[in-house]
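The next block holds one structure in the form of structure tokens; read it before the comments.
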Amino acid sequence: MLRKKKRLVLLVMLAAMLALAACGGSGGGGSDSKGGANSGNGGSSSGGGDQAAEIDASKLPPYEVILMYPGSPQPDEKLVEEAMNKILKEKINATIDIQPIDWGAWNDKMNLMFASGEKADLVFTASWNGHVDNVTKGAFVELDGLLEKYGQGILETIDPFLLEGARVKGKLYAVPTNKEIAASWGVLVRKDLADKYNMDFSNVKTLADLEPFLQIIKENEPDVTPLFQSSTQTLVGYVNGYDNFGDPGVPGSVKFGSTDPTLKYLIEEPEYLENLRLLRSWYLKGYINEDAPTSTLQANETARTGRVFMWPESLKPGKDKEMESTIGFPLTQIEIVPPYITTADTTNSMIGISRTSKDPERAMMVLNLLHTDKELLNLLDWGIEGVHYVKVPGNDNMIKLPDGVDPSKRAYNHGSQWMFGNQFLSYLWENEAPDKWEQFRKFNESAEPSLSLGFTFDPSNVKAELAVLNNIRDEFTAALETGSVDPDEVLPKYIEKAKEAGAYKVLQEKQRQLDEFLAAKK
Amino acid sequence: MLKRGLNSVHPATGALFHIIFILYTILCIVPIFLVVAVSFTDELTVVANGYQFIPEKFSTYAYEFLFKDSTQILRSYGVTILVTATGTLLGVSMMAMYAYPLSRNDLPFRGPLAFFVFFTMLFNGGLVSFYLVYVRFLGLKNSLWALILPLLVAPFFILVMRTFFKNIPSELIEAAKIDGAGEFRIAGTVIFPLSVPILATVALFTVLNYWNDWFMSLLFISDDKKVSLQYLMYKTMLNIQYLTSNTQAAQGIAQGGSAVELPSETVRMAMCVVGIGPIVFAYPFFQRYFVKGLLIGAIKG
Amino acid sequence: MLARIRAGGIYSTHLDAKRVNGLAYGQSTKWRKLLKFWPLYLMMLPTIVLLLINNYLPIAGLIIAFKNVNYVDGVFGSPWNGLNNFKFLFSTRDAWIITRNTLLYNAVFIASNIIVALIFALMLNELRSRWLPKFYQASMFFPFFLSMVVVSYLVFAFLSKGNGFVNNNLLPLFGMEPISWYQEPKYWPFILPLINIWKNAGYYTVFFVASMVTISHEYYEAAVIDGASKWQQAIRITLPQLMPLVTVLTLLQIGRIFYADFGLFYQVPLNSGAIYSTTNVIDTYVYRALLTLGDFGMSSAAAFYQSVVGFVLVFLSNYIVRKLDRENALF
């Protein structure tokens, strides 16, 4: 009886394996819902030199480029696609299929898409979204050759630091969005309250310098939380002055501006403990919201109620003005860590070409147009002129909502503009600074490249250790960094547990990769 | 006097039972009221004051926000209702038709056949291969069948049903056989009519499984026209979970240059209300079938 | 009883036929017997086909647990990875904690759900009222509709340190100091089971009520004649009649004992690190571990481990049940 059972199970498993091996494998099967039929020249790209190729739209077969990015689907997507297709058809005989995927589904869907070999062309990627790991697994097409041939527009316009920083082991697998290349870190502050108590922030250099202001608010504004933090948005997490190479989960950081390539384990640095002690004292003094370690509210959500004075934020020029419209209070920003160009900054928003693309060349052409064609990019960013926005009279670069459109009911408003193409071509909204892009350029020029720009960590050798460390990190960081527990008591436990879980093995692996990277750079 | 003592519990005990149930009922219903109340409260008031049963400042903003795209919501209701109805009808029939033979003590191979079902509760091949089967093998991407088939048969219900069918005296089956009834007629005219309570129970739970399912929509549906209601409501919760548990993503996005706008708490509550929606009426509908018998029994007892 | 004899009969004739008449004859009677049951097998066919597609075909995916997946070679062509994918489950000092938490909580959940639902069902059975029992039962079902995310908001409204109901209104009544619920591990072994019962008791009560309906009245009538009290009837008639269902429900849940309710353990404690020692279970551990790594191999390995533990436990329990009463066993 039992043997029969076993045989049955084995038989079924065997059948299953056969069936799946047939339909899984390396993709390219016949059941693609879209695109499979109208392409078919994917393999013809290998020939040709490295020079830019002339594009003759009439000789290209029609092809539909699928663009996948995280964001909410928009009601008027089809209209925008049609408008974009007019331009794309004329220039490269292509059409576009925009496929936004909700944030909560993004990771699952991407993994499944790559694993099942479904067709996709342009895909959003970022260092914080597992870019290196996906590259290691072969999810993306290598782009250097394609960029030379069909991406001249990108090469001409993009900041070279961006491309340098986006490379994985020397090769390019995704093109960064052309935008600010660095971030500075600091806090946003309610300007009306600051003015009320004549606060002067010009001398703020360290976290400790913020204390007097928090104290004033605590004493005079009983309804206002002086410093708002949440589990994922903490002052120490944001403003620690260390470069973590775009992955705060992996031990091994370098201090901004340091020329010493020795990796430090942030939680063991005396500075880190100092900061935690400071935050702890603030927490005890009531400067920080009590539920900070478990709060899932975002700072800007709470700030809208007018009950928050200060919160940590990633900064860039005009960030305060940008946030004012959502928050509804006048704001000002205090920069504490000056801008450095790090891998994290240059790789936080990129677009790659999926290995499952049937025509990577055409995908690159579309990408190139997004970096050079102002009309096309703005269609994707903001929708159709006259329907989704109108130009501000007298300024060709400024836009506003058409009369009678309720701001909360916009039919094309995905909020993902920072993921696409060349941001410097994007229209500005009425309430933004007219010279925003000028400021950005200056900001970019003022930023210094960090020592290890372009270094990305490949986790494949230490995944088991990282998996354990992720849990330990979750267990301690939020509690420590919000100040809700005593660091002198808890931090040693954290360090001990992390070491036991192999933190140093990861650190050494990272150091090895970094040394290799730096040696190759020289 | 004696009769009452035997037929029913002592009045004091009965009263005690009522008190226990009333307290427990309050515990179960009050949170629902709270959810509804919060969904009708002004958003800023909620962040400032926390949850309150009587809104300090009444607002229908959350529902206006949700229904700004009312065609989508109505369409999703349609999808969900269609999928739920089809899936429940098909599923309950299939499960009953599997469970009944399993309950027969004379069926050869009933052990392995029961194990065949139970095994699927224990082991599964994981998401990737499941996805491959549905998308590559069956080609069901963006098909409503991809929402129906995965939930059609629940091993749990089959094995519970089998237990119920076993309770039916086998003499009934024998008698029907002597009357010349075939197996299909026995199942259709003897077994299933006698099993209305369990069929109704399983139907109710299958309805709920379909109604509450959002994961199949997440996996297989990218066409807005075919998105189920629960996914439409739940995806924002998924977004919130993703962004609040993934420090890296939160920082990356902040650095990338935008804050992902999450709906306010009042909207989340309104989503919950809309998501529960008409399904609360499913319970009383099915309840008739499994409580009626109980009351008759009680009165007679 | 009759059924059991008949079942035994078939089994023994089957053996006899084989022994006495040799293989050829044995097979032909076997076929004839199977043929007799063809309508029953036909009824089962749709479900068999569906399970083959839904569950057995994808089961080949189990090998992913032993693979280092890359997209170029495809899922099934990727190189083997030995047991490396399992390492993260055992190489941590928390391995013991998550295993203990998962098993203990689930054991408590299984027992409490069934016991509470049984008690509720028995009590409902005794109520003398037309619509109140219906109303109670329907209300008990309400929490089941709420998603865990919403439950977590409600629990937070209760337990939050600042303006939570318990700290603000309840504890002062007893002259107690406010408690930081989300920082104190010791309370959660009580909070979580309570929430679980609150959420699921209604669900299981339905099964028992439906089952009580099918108990023959004759038993009770006979009991009344014998002068048995209501209490005795409940203990001697209703409970034993419900035992097969209790057994099946328990066994079925033991099979899933190593799978935890992710929402309950992740959303409700608000992912608060300070209370991991009593809230971390295997599902939340794996989620946290792989959230940023996104590794198929490792997630499959975790699922495989969960399945194997469930499989072993359910086999043991089923074996015990078989020893006690063959009819109540699962297979």
Checked A:Gly394, A:Gly404, A:Gly352, A:Gly386 against criteria (modelled with pLDDT of 90 or more, loosely packed, with under 14 Cβ neighbours inside 10 Å and not charged (D, E, K, R)); the one match is A:Gly386
Please find, within the range A:291-321, the residue that is farthest from A:Ala479 (Cα to Cα) out of those that are surrounded by fewer than 24 Cβ atoms within 10 Å (Cβ to Cβ) and free of Cβ contacts under 8 Å to residues at least 24 places away in the same chain. A:Thr305
Unmet criterion (only one of (1) under 27 Å from the mean Cα position of the chain (by Cα); (2) farther than 30 Å from C:Val49 by Cα; (3) surrounded by 23 or more Cβ atoms within 10 Å (Cβ to Cβ)) for B:Ala249: (1)
Of everything in the range A:448-486 that's in a loop (DSSP other than H, G, I, E, B), among the β-branched types (Val, Ile, Thr) and modelled with pLDDT of 90 or more, which residue is nearest to the chain's Cα centre (by Cα)? A:Thr482
Within the range B:140-153, is even one residue over 22 Å from the mean Cα position of the chain (by Cα) and facing another protein chain (nearest Cβ under 7 Å)? yes
Scan (1) more than 7 Å from chain B (Cβ to nearest Cβ); (2) buried (at least 19 other Cβ atoms within 10 Å of the Cβ) for the single condition C:Ser129 breaks and write down its number. (2)
In the range A:298-329, which residues are at pLDDT below 85, within 19 Å of A:Ile217 (Cα to Cα) and of a type outside the set (A, V, I, L, M)? A:Asn300, A:Thr302, A:Arg304, A:Thr305
Among (1) within 14 Å of chain C (Cβ to nearest Cβ); (2) farther than 30 Å from A:Leu67 by Cα; (3) not in a loop (DSSP other than H, G, I, E, B), where does A:Ile353 come up short? (2)
Considering only the range C:73-88, I want to know if a residue exists there that is within 28 Å of C:Arg256 (Cβ to Cβ), more than 9 Å from chain A (Cβ to nearest Cβ), at pLDDT 90 or above and in contact with a Leu (Cβ under 9 Å, 6 or more places away or on another chain). no
Top-ranked residue of the range B:5-63 - restricted to ones that are within 23 Å of B:Thr266 (Cα to Cα) and hydroxyl-bearing (Ser, Thr, Tyr), ranked as nearest to the other protein chains (Cβ to nearest Cβ): B:Tyr51
How do the helices (runs of 4 or more DSSP H) wholly within the range C:184-293 filter down when requiring 2 or more residues that are over 24 Å from A:Asn471 (Cα atoms) and more than 9 Å from every other protein chain (Cβ to nearest Cβ): which remain? C:188-213, C:217-225, C:239-254
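Across the range A:254-305, what is the number of residues that are under 20 Å from A:Ala503 (Cα atoms) and among the aliphatic types (A, V, I, L, M)? Working first, answer last.
Of all residues in the range A:254-305, those under 20 Å from A:Ala503 (Cα atoms) come to A:254-255, A:261-273.
Filter once more, so that each one left must be among the aliphatic types (A, V, I, L, M): A:254, A:263, A:266-267, A:273.
So the answer is 5.
Rundown of residues vs (1) out of contact with any Lys or Arg (no Cβ under 6 Å at 6 or more places or on another chain); (2) over 24 Å from B:Phe109 (Cβ atoms); (3) assigned by TED's automatic domain parsing to the domain that holds C:Phe190; (4) touching a residue at least 40 places away in the same chain (Cβ under 8 Å), yes/no style:
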site: C:Val248; (1), (2), (3), (4): yes, no, yes, yes
site: C:Ser299; (1), (2), (3), (4): yes, yes, yes, no
site: C:Tyr305; (1), (2), (3), (4): yes, yes, yes, yes
site: C:Val308; (1), (2), (3), (4): yes, yes, yes, no
site: C:Ser317; (1), (2), (3), (4): yes, no, yes, yes
site: C:Val321; (1), (2), (3), (4): yes, no, yes, yes
site: C:Leu324; (1), (2), (3), (4): yes, no, yes, no
Does C:Ala65 satisfy the criteria of being aliphatic (A, V, I, L, M), within 30 Å of A:Ala139 (Cα to Cα) and at the interface with chain B (Cβ under 7 Å from one of its Cβ atoms)? no
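Residues checked against (1) basic (Lys, Arg); (2) assigned by TED's automatic domain parsing to the domain that holds B:Ile191; (3) within 17 Å of B:Ala146 (Cα to Cα); (4) at pLDDT 90 or above:
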| residue | (1), (2), (3), (4) |
| --- | --- |
| B:Tyr51 | no, no, no, no |
| B:Pro55 | no, no, no, no |
| B:Leu89 | no, yes, yes, yes |
| B:Met95 | no, yes, no, yes |
| B:Arg104 | yes, yes, no, yes |
| B:Asn124 | no, yes, no, no |
| B:Tyr131 | no, yes, yes, yes |
| B:Val135 | no, yes, yes, yes |
C:Tyr41 passes all but one of the listed conditions (1) at pLDDT 90 or above; (2) assigned by TED's automatic domain parsing to the domain that holds C:Ser307; (3) surrounded by 13 or more Cβ atoms within 10 Å (Cβ to Cβ); the exception is number (2)
Identity of the residue in the range C:89-103, free of Cβ contacts under 8 Å to residues at least 40 places away in the same chain and assigned to a helix (DSSP H, G or I), that ends up farthest from the other protein chains (Cβ to nearest Cβ): C:Arg100
Please indicate, with yes or no, whether at least one residue in the range A:183-206 is surrounded by 21 or more Cβ atoms within 10 Å (Cβ to Cβ), under 25 Å from A:Glu322 (Cβ atoms) and charged (D, E, K, R). yes
Return the residue satisfying two criteria in turn: it lies in the range A:130-153 and is over 21 Å from B:Ala249 (Cβ atoms) and free of Cβ contacts under 8 Å to residues at least 60 places away in the same chain, and of such residues it is nearest to the other protein chains (Cβ to nearest Cβ). A:Glu142
Being in contact with a Lys or Arg (Cβ under 9 Å, 6 or more places away or on another chain) and farther than 18 Å from A:His131 by Cα is the filter here, so list the residues in the range A:450-467 that pass it. A:Ala464, A:Glu465
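Do we find a residue being modelled with pLDDT of 90 or more and out of contact with any Cys (no Cβ under 7 Å at 6 or more places or on another chain) anywhere in the range B:231-252?
So far as the range B:231-252 goes, yes, one or more of its residues are modelled with pLDDT of 90 or more and out of contact with any Cys (no Cβ under 7 Å at 6 or more places or on another chain).
Please report, ordered by residue number, the helices (runs of 4 or more DSSP H) entirely within the range B:1-118 with at least 2 residues that are surrounded by 18 or more Cβ atoms within 10 Å (Cβ to Cβ).
B:11-39, B:43-49, B:61-66, B:70-103
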Suppose the filter is surrounded by fewer than 19 Cβ atoms within 10 Å (Cβ to Cβ) and within 7 Å of chain C (Cβ to nearest Cβ); does B:Gly126 pass it? no
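Listed here are the residues, each with its yes/no results for (1) in contact (Cβ under 8 Å) with a residue 40 or more places away in the chain; (2) in a loop (DSSP other than H, G, I, E, B); (3) within 22 Å of A:Ile66 (Cα to Cα).
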{"position": "A:Asp108", "(1), (2), (3)": "no, no, yes"}
{"position": "A:Leu112", "(1), (2), (3)": "no, no, yes"}
{"position": "A:Ala120", "(1), (2), (3)": "yes, yes, yes"}
{"position": "A:Val123", "(1), (2), (3)": "yes, no, yes"}
{"position": "A:Leu155", "(1), (2), (3)": "no, no, no"}
{"position": "A:Trp185", "(1), (2), (3)": "yes, no, no"}
{"position": "A:Leu188", "(1), (2), (3)": "yes, no, no"}
{"position": "A:Phe201", "(1), (2), (3)": "yes, yes, no"}
If A:Asn422 satisfies all but one of (1) crowded, with 19+ Cβ neighbours inside 10 Å; (2) farther than 27 Å from A:Gly151 by Cβ, what's the number of the condition it fails? (2)
Check A:Ala174 against each of (1) crowded, with 24+ Cβ neighbours inside 10 Å; (2) within 18 Å of A:Gly483 (Cβ to Cβ) and name the one condition it does not meet. (2)
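The values are calculated or read from the model by the stated rules, or taken from the named source; none is laboratory data. For clarity, every value in this text was computed on a predicted model and none was experimentally measured. Here Cβ is always computed from backbone atoms with ideal geometry, including for glycine, and neighbour counts include all displayed protein chains.
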